[in-house]
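Inspection log for the structure reproduced underneath, given as structure tokens.
The values are calculated or read from the model by the stated rules, or taken from the named source; none is laboratory data. All values derive from a computational prediction rather than experimental measurement. All Cβ positions, glycine included, derive from the backbone under ideal geometry; neighbour counts span all protein chains shown.
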Amino acid sequence: MEKVRFEDQFEVELDIAEAARDQRVPQFFLQPLVESVLREGIGAGPTPLRVVVSCQRLDRRVRVEVKNTGVGSGRATVRGSCLEDLFRRLDLLYEEGGYRWTLSEGPDWASFSIEIPLET
């Protein structure tokens with residue numbers, strides 16, 4: 001959907017580790033992450049914005065990371081209704097401490113990742 005809206009303003013790369021390919025994540029999970037990264041990054045750096053979605057398995061957890069090349073150096077934020085909704089849904093799905101999120105950034109990139117328990 002966002003590709004239609006923003007046309008050639010961004011590129012997406014998927015980097016899914018082999019060990020994570022069969023892991024399931026909640027169906028509402030990925031879209032708000034990507035939307036948030038696009039909103040923060042489009043117009044904030046060089047065009048096209050590069051978005052990398054990666055997934056890896058860590059022991060009993062799965063980490064999904066969405067990284068962009070448009071925001072960095074203290075400009076990235078965790079705000080907006082799409083992430084707030086995502087956190088509310090994750091709170092309902094997982095017990096306290098059941099998921100972890102991290103926002104990190106460098107001079108010309110920002111990354112948002114969430115780790116969730118493996119489905120058993």
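Return yes when L86 is surrounded by 15 or more Cβ atoms within 10 Å (Cβ to Cβ) and either at pLDDT below 85 or not in a strand (DSSP E or B) (or both) and no when it is not. Yes. In region 68-75 there is no residue that is at pLDDT below 85 and assigned to a helix (DSSP H, G or I). Within region 12-59, the residues that satisfy the criterion of being modelled with pLDDT of 80 or more and charged (D, E, K, R) are E13, D15, E18, R21, D22, R24, R50, R57, D59. Among the conditions (1) touching a strand residue (DSSP E or B) at 6+ places or on another chain (Cβ under 8 Å); (2) of a type in the set (A, V, I, L, M, F, W, C); (3) at pLDDT 80 or above; (4) surrounded by 13 or more Cβ atoms within 10 Å (Cβ to Cβ), L103 misses just one, which is (4).
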